[in-house]
Amino acid sequence: MTLVTVDNIIDYHTNYAFVQHVLSMDTTFKSPNLMWRSIASPGLATTAYVLVIAWEAVTSVLLLAGSVAWILRRPIAKTLSAAGWLMQLVLFAGGFLAVGGEWFQMWQSPKWNGLESATRYLIVAAVGLVLVHSLRGKEDDPVARSVGHRERAVKEPL
């Protein structure tokens, strides 16, 4: 996610063009029944793109902080990682697949179709979220808790 965020910032105009074309629906089949959804305003396209970059940046910070917390074996690691993966999942499932792909008919565009890429990031986020929740920390592990209890009892006489 950090690479995605940095790429969207340093290659702003290329990716901004993507957002503009998706929102304007100018490379879709242009069905009169759906074109009312298109947004041609550059200001709204800029706002949407900046919001996506901000969402990606927060996601990156959470995932990086979660990684550092895992390395340092901090209890907050699971929470940070889960929040980051969930934000990535919401962005790519909700933002790209649902809103971009269906509402703005991105799937119809031969050139400005980001569904395959969004699906890859969605799968990574889903796997990451499942893995984070399948890992048990010491606070969740009854064996580790009971061992810790016995260790304290041995060290602290009654």
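The values are calculated or read from the model by the stated rules, or taken from the named source; none is laboratory data. What you see is a predicted model; the values in this text were computed from it and never measured. We place every Cβ from the backbone using ideal geometry, glycine too, and count neighbours over all the protein chains shown. Heads up: the accessible areas ignore ligands, DNA and RNA and are worked out on the full protein's heavy atoms, side chains in. Shrake-Rupley method; radii C 1.70, N 1.55, O 1.52, S 1.80 Å.
Quantify, in whole percent, the carbon and sulfur part of the accessible surface of the range 1-57 (1.4 Å probe; protein heavy atoms only). List each step's numbers first, then the result.
On the way: 2370 of 3370 Å².
Carbon with sulfur: 70 percent of the solvent-accessible area.
For the pair VAL61 and THR46 in one chain, pulling the backbone fully straight at 0.36 nm per residue adds 3.2 nm over the alpha carbon distance. All C-alpha to C-alpha distances of the chain, sorted into 5 Å bins beginning at zero, yield P(r) values of 2, 9, 14, 17, 14, 11, 9, 7, 5, 4, 3, 2, 2, 1, 1, 0, 0 percent in whole numbers. For LEU34, no residue 5 or more places off, or on another chain, has a built amide H under 5 Å of its own.
Estimated at 0.36 nm per residue, the fully extended path between SER117 and PHE29 surpasses their Cα-Cα distance by 29.5 nm. Only protein heavy atoms count here; under a 1.4 Å probe, THR14 has an accessible surface of about 80 Å².
Note on exposure: GLU56, GLU102 ranked by accessible area (1.4 Å probe, complete protein assembly) read GLU102, GLU56, with the most exposed listed first.
For the chain, which longest stretch is free of loop sites, where a loop site is one of the trypsin sites (Lys or Arg not before Pro) that DSSP puts outside H, G, I, E and B and that has at most 10 other Cβ atoms within 10 Å? The segment 1-72 is the longest one with no such site.
Using the heavy atoms of the protein chains alone and a 1.4 angstrom probe, what is the accessible area of the chain per residue in square angstrom?
Working: 9980 Å² over 158 residues.
Value returned for the chain: 63 Å² of accessible area per residue.
Amide H contacts of ILE39 (H built 1.01 Å from N, in plane; Pro and chain starts excluded): SER24, MET25 sit under 5 Å, all sequence-distant by 5 or more or on other chains.
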